[in-house]
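Asker: The structure under discussion is supplied below as structure tokens; questions concerning it will follow.
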Amino acid sequence: MENNFAINTENLSKSYNNKIAVSNLSLKVNYGKIYGLLGPNGAGKTTTIQILNCIIKPDSGKAQIHGFDIMSQSDNVKKNTGYLPETPALYEKLTPEEYLEFIGELYFIPKIVLKKRIIDLLELFDLDNRKDDLIGNYSKGMKQKVNICAALIPDPPIIFLDEPTSNLDPASAKIIKDLFKSLILNAQKTIFLCTHLLDVAKELCDRIGIINNGCLLIEGTPKEIVDSGNYLNLEDAYLNILDISHNKDLLKWRS
Ligand SMILES: Nc1ncnc2c1ncn2[C@@H]1O[C@H](COP(=O)(O)OP(=O)(O)O)[C@@H](O)[C@H]1O
Ligand SMILES: [Mg+2]
């Protein structure tokens with residue numbers, strides 16, 4: 001496999017009880033880009049991100065993350081990635097500082113470096129004025145910010161985010177989207193995110209893959225996807241590519 005990509009997968013497949021969750025998924029993500037895997041509930045997005053983070057094993061196929069094989073070099077994969085799960089577990093009786101210290105220690109980050117990184121992240125996410133509160137007292141948006149800080153604590157080159165803004169109000173979602181943009185611009189990170197939200201994909205992603213029933217249906221820049229069928233916009237393209245026909249009528253009516 002070519003290993004000059006941040007993420008490179010070949011024919012990844014995974015079934016649960018004979019039901020296909022991911023089918024022959026092949027994709028490549030360049031360094032310094034945001035790649036969005038877009039698809040409806042049950043499409044296979046979380047399964048894909050769990051395979052790429054060595055949480056579950058594929059039935060077949062191969063993948064390299066930062067040049068490391070997900071099966072035989074999973075420790076190296078984990079050292080070079082940050083991961084925001086779809087339903088993260090936070091310790092509600094800790095302050096964000098204590099929680100991030102705990103996560104940092106799992107990654108063996110030296111104490112002095114860790115302290116500084118935590119201060120910087122809490123400031124960046126505007127959590128520094130509430131840093132002595134217990135996480136249990138935080139709002140959903142604030143909790144999600146702590147989760148994202150946890151994914152960034154090891155300062156990894158590649159960050160995986162499973163539905164990072166799905167449960168957030170528009171203002172919190174905007175702060176988080178802006179932060180991802182600045183991570184790409186200023187810190188040269190690679191981001192792989194899963195979402196069912198078209199606006200997130202359109203606003204953030206350099207490239208998008210649309211997945212349904214475990215199959216990657218199309219891949220390209222948002223513009224390439226819209227141009228692929230002379231669609232009106234990304235929403236029109238998405239609905240047509242997934243063949244959600246009653247919505248097509250609705251779109252016609254609206255336009
Ligand atoms: N642990 C599991 N056990 C059985 N089926 C699962 C499990 N995880 C996911 N699935 C199934 O795999 C398919 C893909 O799910 P998932 O990857 O969570 O999709 P998405 O994240 O796109 O909503 C769905 O049909 C789902 O029900
Ligand atoms: Mg999911």
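The values are calculated or read from the model by the stated rules, or taken from the named source; none is laboratory data. Keep in mind that this is a model prediction, so the values were computed, not measured. Reconstructed Cβ throughout: ideal geometry from the backbone, glycine too, with neighbour counts over all protein chains shown. What goes into the accessible areas is simple: the full protein's heavy atoms, side chains included, and nothing from ligands, DNA or RNA. Shrake-Rupley method; radii C 1.70, N 1.55, O 1.52, S 1.80 Å.
Asker: For region 54-80, how many residues meet the condition of being assigned to a strand (DSSP E or B) and surrounded by 14 or more Cβ atoms within 10 Å (Cβ to Cβ)?
Answerer: Within region 54-80, the subset assigned to a strand (DSSP E or B) is 60-65, 68-69.
With surrounded by 14 or more Cβ atoms within 10 Å (Cβ to Cβ) added as a condition, the list becomes 61-65, 68-69.
So the count comes out to 7.
Asker: Can you work out which of the residues in region 21-48 that are near ligand 1 (Cβ under 8 Å from one of its atoms) and either β-branched (Val, Ile, Thr) or in contact with a Phe, Trp or Tyr (Cβ under 6 Å, 6 or more places away or on another chain) (or both) is most open to solvent (accessible area, probe 1.4 Å)?
Answerer: 46
Asker: Okay, moving on. Would you check which residues across region 110-127 are buried (at least 16 other Cβ atoms within 10 Å of the Cβ) and more than 23 Å from the chain's Cα centre (by Cα) and list them?
Answerer: 114
Asker: How many of the residues in region 66-86 are more than 16 Å from ligand 1 (Cβ to nearest atom) and either under 14 Å from the mean Cα position of the chain (by Cα) or of a type in the set (D, E, K, R) (or both)?
Answerer: Residues flagged as more than 16 Å from ligand 1 (Cβ to nearest atom) and either under 14 Å from the mean Cα position of the chain (by Cα) or of a type in the set (D, E, K, R) (or both) within region 66-86 amount to 6.
Asker: In this structure, does residue 192 turn out to be modelled with pLDDT under 90, crowded, with 17+ Cβ neighbours inside 10 Å and either within 14 Å of the chain's Cα centre (by Cα) or more than 20 Å from residue 82 (Cα to Cα) (or both)?
Answerer: Details: modelled with pLDDT under 90: no; crowded, with 17+ Cβ neighbours inside 10 Å: yes; either within 14 Å of the chain's Cα centre (by Cα) or more than 20 Å from residue 82 (Cα to Cα) (or both): yes.
It is false that residue 192 is modelled with pLDDT under 90, crowded, with 17+ Cβ neighbours inside 10 Å and either within 14 Å of the chain's Cα centre (by Cα) or more than 20 Å from residue 82 (Cα to Cα) (or both).
Asker: Taking interchain pairs and intrachain pairs at least six residues apart, which have beta carbon atoms under 8 angstrom, with the first residue in region 170-196 and more than 14 Å from residue 152 (Cα to Cα) and within 16 Å of ligand 2 (Cβ to nearest atom) and the second part of a helix (DSSP H, G or I) and charged (D, E, K, R)?
Answerer: Every condition considered, the pairs that remain are 194/45; 195/45; 196/45.
Asker: Condition first: part of a helix (DSSP H, G or I) and either acidic (Asp, Glu) or within 13 Å of residue 43 (Cβ to Cβ) (or both). Now tell me which residues in region 210-243 satisfy that.
Answerer: Initially, region 210-243 is screened for residues part of a helix (DSSP H, G or I), giving 222-227, 234-241.
224, 227, 235, 236, 238, 241, listed by residue number.
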